[in-house]
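*Asks:* My questions all concern the structure below.
Computed from the coordinates by the stated procedures, all read-outs in this text should not be read as laboratory data. Predicted, not measured: the structure shown is a model, and the values here were computed from it. Here the Cβ positions follow ideal geometry from the backbone for every residue, glycine too, while neighbour counts run over all protein chains shown.
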Amino acid sequence: DVRGQALACAAVLLLYISIGAASRPTRRLVVVALVASLLVGALHAATGQPLVGLHSGLRLMSATLLGALLTATTRFGDLLGVLEWLLQPLARFGVPVERIALQLGLMLRFAEQFFVQWQRLSDAHRIRTGRAGGLRLFAPLTICMLQTARKVADALAIRLKL
């Protein structure tokens, strides 16, 4: 039901707004997600499925706002603790819970880093050329994210003595 989904998205938005200044680092991410949601909605509307577009846009915004709330209000160590606790029942089946929790935690943090790096590259390109970078930023963004992932992997290897 679209109304239920809209109410859920509004509730998450109000919750996001309620954290005030703590949301400042994630605001660009939310703006990018809003633009993406509008584009998804417009694409579906152009193909004759506006209701599907509305559903998709609301889901995308809700998920983004929840992720932004999580990253803005939770320390990384606390996040790992909760993830390990949630995954603990899988340990009975031999699943490496700590490793999966670390991977999920890093994924959540890298999602934010991805958007921050994208915005930096876009701003730099716009300053140099006066135009938006668009798909031209994909290669430099990939290189930057791979370099960041390598640095994190090296730091983890040293920290964990791997």
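*Asks:* Using 0.36 nm per residue of separation minus the Cα-Cα distance, give me the extension gain between PHE138 and SER18 in nm, one decimal. Mind showing how you got there, number by number?
*Replies:* Numbers: separation 120, 0.36 × 120 = 43.20 nm, distance 3.42 nm.
This chain segment gains 39.8 nm when fully extended.
*Asks:* Just tell me, in residue order, which DSSP H segments of the chain are both 27 angstrom or longer along the helix axis (alpha-carbon based) and at least -1.0 in mean Kyte-Doolittle hydropathy.
*Replies:* Details: long enough: 27-46 (28 Å, 1.78); 50-73 (34 Å, 1.15); 97-129 (47 Å, -0.03); 138-160 (32 Å, 0.94).
Correct list, ordered by number: 27-46, 50-73, 97-129, 138-160.
*Asks:* Label THR73 and ARG92 with points 7 Å out from Cα along Cα→Cβ: what is the distance between them in nm?
*Replies:* Simple spin-label model gives 3.1 nm for this pair.
*Asks:* What is the Cα centroid distance between segment 44-60 and segment 109-130, reported in whole angstrom?
*Replies:* Centre-to-centre distance over Cα atoms comes out at 27 Å.
*Asks:* Taking Cα atoms of the chain, Rg/Rh with Kirkwood Rh, to two decimals?
*Replies:* Numbers: Rg = 18.6 Å, Rh = 18.2 Å.
Across the chain, the Cα-based Rg/Rh ratio is 1.02.
*Asks:* For the chain, what's the relative contact order in percent, using C-alpha pairs closer than 8 Å and at least 6 residues apart?
*Replies:* Details: 109 pairs, mean separation 30.6, N = 162.
It comes to 19 percent, rounded to a whole number.
*Asks:* Obtain the radius of gyration and the Kirkwood radius of segment 61-140 from its C-alpha atoms and give Rg over Rh.
*Replies:* Details: Rg = 17.3 Å, Rh = 14.9 Å.
Radius of gyration relative to Kirkwood radius: 1.16.
*Asks:* Under the Kirkwood approximation applied to all pairs of distinct alpha-carbon atoms, what is the hydrodynamic radius of segment 1-75 in Å?
*Replies:* On the way: mean 1/r = 0.0789 Å⁻¹.
Averaging 1/r across every pair of different Cα atoms and inverting gives 12.7 Å.
*Asks:* Have a look at PRO140, THR71, ILE100 and report the one farthest towards the positive end of the charge dipole of the chain, computed about the Cα centre with Cβ charges (Lys/Arg +1, Asp/Glu -1).
*Replies:* PRO140
*Asks:* Charges only on Cβ, +1 for Lys and Arg, -1 for Asp and Glu: so what's the dipole of the chain about the Cα centre, in debye to the nearest 20? List each step's numbers first, then the result.
*Replies:* Working: 18 positive and 7 negative charges, 112 e Å.
Using only the charged Cβ atoms, the result is roughly 540 debye.
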